[in-house]
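Q: Here's a structure for you.
What follows draws every value from the coordinates through simple rules; no lab data is involved. Please read all numbers here as calculations on a predicted model, not as lab measurements. Glycine gets a Cβ as well: all are built from the backbone with ideal geometry, and neighbour counts include every protein chain shown.
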Amino acid sequence: MKKVMTNVLADPHAIELRFLDAGDSGLVIELGATVDAAVNAAVIALDAALARLALPAIRETVPTYRSLLVLFDPVRMRRPELIGIVRGLWPPAPLSEETTNHWIVPVLYGGESGVDLDHVAEVHGMTPQEVVALHSSVDYRVYMIGFAPGFAYLGGLPAAIHTSRRTDPRRATPPRSISIGGQQTAVSPPIAIPSGWHLIGQTPVRSYDPARSERPFLFAAGDTIRFRPIDEDEYRTLVAAAEAGDEVAERRPATGASGEAA
């Protein structure tokens, strides 16, 4: 028997869909005004329902925290027709947990791999070890992939370590960084990117790898992640394994984590 995700919005009929134009070939479907797991789960369920139709006029869909961007061919399909199709799919069937993954992601915290860990600890009156213990003690929800290829925005950061973003963003941050920004934490792709988030660690996991033809983006919206602290020796070993093409993140059955953003 399939296990249904417990964080799907209890009453999707209470959601009032809002349709916004995004150029001549894009439609944004807003499902809510807040960032929470229930709205995000509804976004993902709607995206899956639309994908099952396999409409030739749909070029791409992009699920976000609380909305779904649909890019379509305006020659093949008019906007009112697309809106009618979406309304006909609402409310979508909730997704089973078998459609999502739970990942165990190894992280080397602090030192050169996490240059802001001490600062985050100081801000909250903690030791770096306490920050690491708290950060790695919960399951996070992947709300969306965006900004850079494979950059995973995660909700569920414990309130005790919510940390305002830096006032002086860096032009480049190390590949595969684990960071904290406000109420969120994130996994960076294996490329250097600009960021105003606080760097607390680094993972050997490659969240984006074009050589993985079947799954170039490792994480997907709706997945859950738990971080596992590792030492430098294990980090170096896993980096080498990842560069050789091995998957160093452990995949487990989904846990149904709520991943609330607040």
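Q: Considering Cα pairs under 8 angstrom that are at least six residues apart, work out the relative contact order of segment 100-252 and quote it in whole percent.
A: Value for segment 100-252: 34 percent.
Q: Same structure, new question: Per DSSP helix of 4 or more residues, -39500 (n - 2.57); summed, then divided by the residues of the chain. What does that give at 222 nm, rounded to the nearest 500?
A: Dividing the helical sum by the residues of the chain leaves -6500 deg cm²/dmol.
Q: Still on this structure, I have one more. Tabulate in residue order the Karplus-calculated ³J(HN,Hα) for segment 78-91, using 6.51 cos²θ - 1.76 cosθ + 1.60 with θ = phi - 60°, rounded to whole Hz; enter x for Gly and Pro.
A: Running phi through 6.51 cos²θ - 1.76 cosθ + 1.60 with θ = phi - 60° gives 7, 4, x, 5, 5, 4, x, 5, 4, 4, x, 8, 8, x Hz.
Q: In angstroms, what radius of gyration and Dmax does segment 12-98 have, counting Cα atoms only?
A: When restricted to the Cα atoms of segment 12-98, Rg and Dmax are 12.3, 37 Å.
Q: Measuring from label point to label point, each 7 Å out along Cα→Cβ, what is the S137 to I104 span in nm?
A: So the two model labels end up 1.9 nm from each other.
Q: What translational diffusion coefficient, to the nearest whole µm²/s, does the chain have by Stokes-Einstein, given a Kirkwood radius computed over alpha-carbon pairs, a temperature of 25 °C and 0.890 mPa s viscosity?
A: Here the translational diffusion coefficient equals 127 µm²/s.
Q: Now for a different question. For segment 100-252, what size does the Cα cloud have along each of its three principal axes, sorted from largest down, in whole Å?
A: 44, 32, 31 Å, listed from the longest principal axis down.
Q: Arranged from highest to lowest average of other beta-carbon atoms within 10 Å per residue, in what order do the peptides 123-130, 19-26 appear?
A: Averaged packing, sorted descending, gives the order 123-130, 19-26.
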